[in-house]
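What follows is one structure encoded as structure tokens, with my remarks underneath.
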Amino acid sequence: MIDTFKALADVTRLRLVGVLSKGEFTVQELTSVLAMGQSRVSRHLKILSDAGILSVKRQGTWAYYRLKGDNQFFLDIWPTMEQSLNSVANRERDLERVSEILDSRRRRSLEFFDRHARQWDDFSRNLLSVPSYLAALLNEIPVCRVIVEVGVGTGNILASLSRKAPKVVGVDHSPAMLDEARLRVGQEGLAGIEFRLGEMSHLPLGDNEVDCLLLNMVLHHAALPERVFQEACRILAPGGRLVIADLQRHDQDWVRDKLADQWLGFERTELEAWLAGAGFSCARFVPVYGTVGQQGVFILAAGRIED
Ligand SMILES: C[S@@+](CC[C@H](N)C(=O)[O-])C[C@H]1O[C@@H](n2cnc3c(N)ncnc32)[C@H](O)[C@@H]1O
């Protein structure tokens with residue numbers, strides 16, 4: 001208890017804890033939020049990590065700090081502390097900087113996909129060596145009334161989805177990708193499909209409107225994956241299903257620059273924690289492996305817990 005209070009008894013460290021309550025950030029990002037030198041920020045992060053208040057998530061050569069240490073006492077006092085954070089110096093400015101950083105994460109992906117929409121199908125064909133995952137993914141999608149695919153891209157599985165539901169909504173934040181998907185739907189003569197421009201952390205859909213929500217190779221672009229799970233829970237009807245296909249954790253840093261990926265895949269434990277926090281029960285986690293040296297994929301199916 002004394003160690004925890006000592007670690008927290010400092011304005012800079014309280015600011016760090018307040019910022020990390022909003023998401024996972026690198027030292028560089030934290031340095032820019034606090035407008036302080038890197039060595040000073042790193043020193044404070046070490047004190048908080050040593051006290052078990054923070055933990056570090058390695059992503060290739062980058063490290064993300066997060067508010068999920070093993071300090072049970074801190075976790076117990078945190079809900080009360082959080083209510084008083086507004087009185088900490090610079091709080092408003094810190095939160096503004098946090099939302100600028102999250103916006104810049106989103107913009108990076110948006111600019112990338114707007115730029116590459118026309119060539120995306122050719123470009124993406126060689127990216128993954130796990131062709132079989134799509135069949136396994138479709139197996140997890142129930143026959144139902146309304147399916148939403150978020151990050152629909154050029155719409156390469158819309159034909160299969162339209163055989164599962166009379167109404168399919170494709171959402172994407174890139175107007176250029178949506179144009180490609182509309183073109184495909186027209187060429188294939190598919191019915192019952194509509195498109196909406198939207199951001200996965202603020203979906204253009206009402207509460208409880210959807211039976212099945214699909215995220216196929218899009219979660220690794222999320223500014224804050226945890227937020228996407230909360231939003232998924234809001235739009236799904238009780239008992240509705242969330243189906244995700246994405247990359248397993250890998251260490252290939254190049255994907256950040258070449259593919260605008262935000263996250264180097266995910267671990268099952270972090271996905272399960274986000275799911276539980278948002279109101280889902282995880283029904284199935286199926287790993288699908290590529291050829292040696294290639295990234296593995298996972299398919300996850302979860303049910304929204306009934307109210
Ligand atoms: C890798 S592509 C996958 C497309 C498609 N699901 C597929 O598997 O072929 C990722 C798609 O997600 C979209 N996307 C990325 N970040 C997004 C966000 N924050 N909100 C909505 N769509 C997003 C991109 O514009 C892109 O179309």
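Some values worked out for this structure:
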read-out: Arg249, sole failed condition from (1) within 16 Å of the ligand (Cβ to nearest atom); (2) within 22 Å of Leu127 (Cα to Cα); (3) charged (D, E, K, R); value: (1)
read-out: Leading residue by the ranking (farthest from Leu110 (Cα to Cα)) among those in region 255-273 that are outside any helix (DSSP H, G or I) and among the charged types (D, E, K, R); value: Glu267
read-out: Scan of region 131-155 for residues that are over 21 Å from the mean Cα position of the chain (by Cα) and part of a loop (DSSP other than H, G, I, E, B), ordered by number; value: Pro131, Ser132, Pro142, Val143, Cys144, Arg145
read-out: Condition broken by Gln187, with the remaining ones in (1) out of contact with any helix residue (DSSP H, G or I) (no Cβ under 9 Å at 6 or more places or on another chain); (2) within 12 Å of the ligand (Cβ to nearest atom); (3) not aliphatic (A, V, I, L, M) satisfied; value: (2)
read-out: All positions within region 136-169 that are near the ligand (Cβ under 9 Å from one of its atoms) and closer than 19 Å to Arg118 by Cβ; value: Gly151, Val152, Gly153, Thr154, Gly155, Asn156
read-out: Meets criteria (more than 20 Å from Gly240 (Cα to Cα) and out of contact with any Ser or Thr (no Cβ under 7 Å at 6 or more places or on another chain)) for Ala176; value: yes
read-out: Any chance Ser160 is in contact with a helix residue (DSSP H, G or I) (Cβ under 7 Å, 6 or more places away or on another chain), among the small types (Gly, Ala, Ser) and part of a helix (DSSP H, G or I); value: yes
read-out: Selection count, region 214-231, where residues are assigned to a helix (DSSP H, G or I), within 12 Å of the ligand (Cβ to nearest atom) and not charged (D, E, K, R); value: 5
read-out: Flag for Arg106 being within 16 Å of the ligand (Cβ to nearest atom), among the basic types (Lys, Arg), surrounded by 13 or more Cβ atoms within 10 Å (Cβ to Cβ) and at pLDDT below 95; value: no
read-out: Any hit, region 203-213, residues being surrounded by fewer than 23 Cβ atoms within 10 Å (Cβ to Cβ), closer than 30 Å to Val255 by Cα and within 14 Å of the ligand (Cβ to nearest atom); value: yes
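The values are calculated or read from the model by the stated rules, or taken from the named source; none is laboratory data. Just so we're clear, the structure is a prediction, and the values are computed from it rather than from any experiment. Please note: Cβ atoms are built from the backbone with ideal geometry, for glycine as well, and neighbour counts cover all protein chains shown.
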